[in-house]
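The values are calculated or read from the model by the stated rules, or taken from the named source; none is laboratory data. This one's a predicted model, so the numbers in the text were calculated from it and none came from an experiment. Cβ placement follows ideal geometry from the backbone for every residue including glycine, while neighbour counts extend to all protein chains displayed. Ligands, DNA and RNA are stripped out before the accessible areas are found, and what is left, the full protein with its side chains, is counted by its heavy atoms. Shrake-Rupley method; radii C 1.70, N 1.55, O 1.52, S 1.80 Å.
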2 protein chains.
Amino acid sequence: MATRNEPRTEPRIPLSRDRVLRAAVKLADESGIESLTMRRLAEEVGAEAMSLYYHVAKKEDVLDGIVEVIAGEINEAVGRIDVPSQGAAWKSAVRQRVLTAREVLLRHPWAPRVFETRADVSPPVVQYFDALIGLMRDGGFSYDLVHRALHALGSRALGFTQEMFDPGDGAGGEESSAMLEAMAERLPHLVGMLREIAHDDPDSTLGWCDDQTEFEFGLDLILDGLDGMRETA
Amino acid sequence: MATRNEPRTEPRIPLSRDRVLRAAVKLADESGIESLTMRRLAEEVGAEAMSLYYHVAKKEDVLDGIVEVIAGEINEAVGRIDVPSQGAAWKSAVRQRVLTAREVLLRHPWAPRVFETRADVSPPVVQYFDALIGLMRDGGFSYDLVHRALHALGSRALGFTQEMFDPGDGAGGEESSAMLEAMAERLPHLVGMLREIAHDDPDSTLGWCDDQTEFEFGLDLILDGLDGMRETA
DNA sequence: ACCTGAACACCGTTCAAGT
DNA sequence: ACCTGAACACCGTTCAAGT
């Protein structure tokens, strides 16, 4: 039925909250979260900025919405996991879920930042945590310990950490080793550490952090600690 | 020398980067970080918005700057600590520093968010971490383990965590226990946990989280885990 | 050297009006 | 019911001009 030679934008599908949110995710994925403005979003969806307001209340609503979309994606991925969780198995069950959530978030690098700025937890996130609590209960955790565990995990439960150091930028290449020596007096311990790490992994030129390895280390540290506290009746 | 009855704003002190940054911190403390705009900041300091650009490059520069101011405040507080850190004492030494950093941050609730959005680590923050690394070395940590430890601690090393749940809002009072029952089917584990926690601490009406207690729990969990990994030669 | 007025490009959002 | 044009208040920032 489609006529063949019109301007061929796609003004076919009518706008909807869902379509707006999906476009917002796409825009953030492709151009970064800072380029997600109501005007650019409208453009992306083939409408005027003001049309968006018929489907979302305000920009904050869009941000709430894209968090829900991503959390939904996580729940879908995590829902495919079917492993035992009774007793000692709780740990690997939780670990696998967290790492799966992480995989999803790695596809949306802007998402953690947006997650953190939401005032209220959205339903799919709540859903995710409910399941996580269930696994810990299977492992013999008291509700009180589960509660503490969730705080201890923090955002790690959802598969991300906020790194304080991200030496990706200033630490690239030859100049940095010279810089290192210059800092050695004021920052002996830090320089000592960097020197050794650079030595251990020479071809990474101070791209010193394998995020995945570090993430798993921190996660296991916490999970192991918690494991020692549960009631192994 | 001051004449007595002029409009008495304070156009005395000339502008400076330092004065701009201090005003920015004051503004954020009093009105929240979202009200820190170049125009409001200029007003605060008794000048026009455009005058600021003589002392700072751009708004990002202001944000970098206020992070440095806060980190400086932390370093000052932490610098007054003088406790042993050799061997097993490393843990309490680190713990005390982290909790001291946290005290400072609690006076600037907007600061964690700004810390997290900085691309590069500022000198005072680097300084803070250098000292922390030193303490862990005193405890017998290899550089490699120190490195992992810093990742495991993440922002906790600076005294804050990003909470995923902040039930301060929606969870206030009578309505919430009704809401709880309504959710019981879809979210059995979460509701179970909340029920018990509300029961344990009835007068907090679901203000279920003593942030300080939870922070210390998570911190100790990590520190204890790390303690078991150091070389106790 | 330090500060400013006018102006620009770009936001989010309202509102009355179109179909 | 759904979309839009014009307009408003407010951003960050540039630039030429003032002292």
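Each label point is 7 Å from the Cα along the Cα-to-Cβ direction; what then is the distance between the points at B:Leu99 and B:Ile81, in nm?
So the two model labels end up 0.9 nm from each other.
Using a Gaussian network model of chain B with C-alpha springs under 10 Å, which one of B:Val104, B:Val114, B:Val67 is most mobile by mean-square fluctuation?
Taking springs between Cα atoms under 10 Å, the residue moving most is B:Val114.
Put a label point 7 Å from Cα along the Cβ direction on A:Met183, then list its distances to the equivalent points in the other copies in nm, shortest first.
Between copies, matching label points for A:Met183 lie 4.3 nm apart.
Taking the axis about which chain A rotates onto chain B, which residue of A lies nearest it as judged by Cβ position, and how many whole Å separate them?
A:Gly225, 2
Could you tell me what percent of the accessible area of the protein assembly as shown is made up of carbon and sulfur, with a 1.4 Å probe and every protein chain present?
For the protein assembly as shown, the apolar C and S fraction of the accessible surface comes to 51 percent.
How big is the gap, in Å, between the Cα center of the range B:11-80 and the Cα center of the range B:94-147?
Here the answer is 22 Å between Cα centres.
Hey, what did chain A get for relative contact order, percent, Cα under 8 Å, at least 6 apart?
After rounding, I find 18 percent.
Distances in nm, one decimal, shortest first, from B:Glu60 to the same residue in every other copy, taking the label point 7 angstrom along Cα→Cβ.
2.7
What is the pair-distance distribution P(r) of the range A:58-232, computed from all Cα-Cα distances in 5 Å bins starting at 0, with each bin given as a whole percent?
1, 7, 15, 16, 15, 13, 11, 9, 8, 4, 1
Using the Cα atoms of the range B:41-152 to build a convex hull, what is its mean projected area in square nanometres?
With every direction weighted equally, the projected area is 8.1 nm².
Less than 10 Å Cβ to Cβ from A:Val20, Lys/Arg counted +1 and Asp/Glu -1: what total charge do the surrounding residues give?
0
What accessible area per residue comes out for the protein assembly as shown, rounded to a whole number of Å², with a 1.4 Å probe?
Per-residue accessible area for the protein assembly as shown comes out at 51 Å².
Only Lys, Arg, Asp and Glu count, each charged at its Cβ (+1, +1, -1, -1), so figure out the dipole size of chain A about its Cα centre, rounded to 20 debye.
1180
Name the residue from A:Pro109, A:Ala71, A:His147 whose Cα lies farthest towards the positive end of the charge dipole of chain A, charges +1 on Cβ of Lys and Arg and -1 on Cβ of Asp and Glu.
About the Cα centre, the residue reaching furthest to the positive side is A:Ala71.
What is the spin-label model distance, in nm, from A:Ser92 to A:Met183 if the labels are put 7 Å beyond Cα along the C-beta direction?
With each label placed 7 Å out from Cα toward Cβ, I get 4.1 nm.
Consider a paramagnetic label point 7 Å from the Cα of A:Glu30 along Cα→Cβ; state which residues of the range A:45-59 have an amide N under 14 Å from it.
A:45-47
In nm, one decimal, shortest first: how far is the label point of A:Glu76 (7 Å from Cα along Cα to beta carbon) from the matching points in the other copies?
Values, ascending and in nm: 5.2.
Using a 10 angstrom cutoff on alpha carbons, build the Gaussian network for chain B and name the most mobile of B:Pro84, B:Pro124, B:Pro188.
Top of the fluctuation ranking is B:Pro188.
Interface size between chain A and chain B, please: total buried accessible area, 1.4 Å probe, rounded to the nearest 100 Å².
5100
Which number do you get for Rg(Cα) / (2.2 N^0.38 Å) in the protein assembly as shown?
1.10
Please build a GNM for chain A, connecting alpha carbons under 10 Å apart, and tell me which residue among A:Phe165, A:Phe215, A:Phe141 fluctuates the most.
Comparing A:Phe165, A:Phe215, A:Phe141 in a Gaussian network model of chain A, the most mobile one is A:Phe165.
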